[in-house]
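Take a look at the structure set out below.
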Amino acid sequence: MSAPRRLLLVNGPNLNLLGVREPDVYGTATLDDVVRIATDAAAARGFEVRAVQSNHEGVLIDAIHAARTDCAGIVINPGGLTHTSVVLRDALSAVALPVAEVHISDVLAREPFRHHSYVADVAVVHVVGEGVEGYRTAVDRLAEVVSGLAEG
Ligand code: CA2
């Protein structure tokens, strides 16, 4: 069976505030802009996007589990859960889809507690510090991985 031409886009806690608060750190683009950037980038490569943002860990995990049957890969900005959540990491590992981890800010240039990611070693693509355009980079690179898997 051929891989579904769909990517799951996951944005974690507080990312609904993009463009509304802390523009000095995260810029002025909104979550809607992020979804548009990812959707356009995916469409250019023949994929559709299912987008979810939640402030609740379990909602994110349910969305990741659901992607197992009908998505080809996952683009995720886990927000602060990046640095705390074994259960989110376990969910990503369990579904065994290729994962792109994206961060708007340059986490490695920020506080030490942001330097460790529980998601990093279950992701095959890592994009940090490119602002919201980083979602385009993440989709492009993940689509290449997915297409390579489909050919192999
Ligand atoms: O740089 C990123 O994308 C982060 O994943 C954003 C997280 C932060 O905890 C990570 O260390 C890095 C925070 C998401 C909160 O987003 C906000 C957006 C606007 C206003 C307030 C928070």
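A few points about this structure:
- Qualifying residue in segment 29-37 (condition: open to solvent by 70 Å² or more (accessible area, probe 1.4 Å) and assigned to a loop (DSSP other than H, G, I, E, B)): no
- Among the residues listed as 82, 28, the single one being modelled with pLDDT under 95 and within 14 Å of the ligand (Cβ to nearest atom): 28
- In segment 124-145, residue nearest to the ligand (Cβ to nearest atom) [restricted to those that are touching a strand residue (DSSP E or B) at 6+ places or on another chain (Cβ under 6 Å) and open to solvent by 10 Å² or more (accessible area, probe 1.4 Å)]: 128
- Of the set (1) near the ligand (Cβ under 8 Å from one of its atoms); (2) open to solvent by less than 30 Å² (accessible area, probe 1.4 Å), all apply to residue 47 but (1).
- Residue match in segment 3-22 (condition: outside any helix (DSSP H, G or I), closer than 22 Å to residue 98 by Cα and modelled with pLDDT under 95): yes
- Among the residues of segment 85-109, the one identified as among the acidic types (Asp, Glu), over 12 Å from residue 65 (Cβ atoms) and either away from the ligand (no atom under 15 Å from the Cβ) or within 14 Å of the chain's Cα centre (by Cα) (or both) is 101.
- Residue 101, sole failed condition from (1) assigned to a helix (DSSP H, G or I); (2) touching a residue at least 12 places away in the same chain (Cβ under 8 Å); (3) charged (D, E, K, R): (1)
The values are calculated or read from the model by the stated rules, or taken from the named source; none is laboratory data. Owing to the predicted nature of the structure, the values given are computational and were not obtained by experimental measurement. Please note: Cβ atoms are built from the backbone with ideal geometry, for glycine as well, and neighbour counts cover all protein chains shown. Remember, those area values only see protein heavy atoms, side chains included, never the ligands or the DNA or RNA. Shrake-Rupley method; radii C 1.70, N 1.55, O 1.52, S 1.80 Å.
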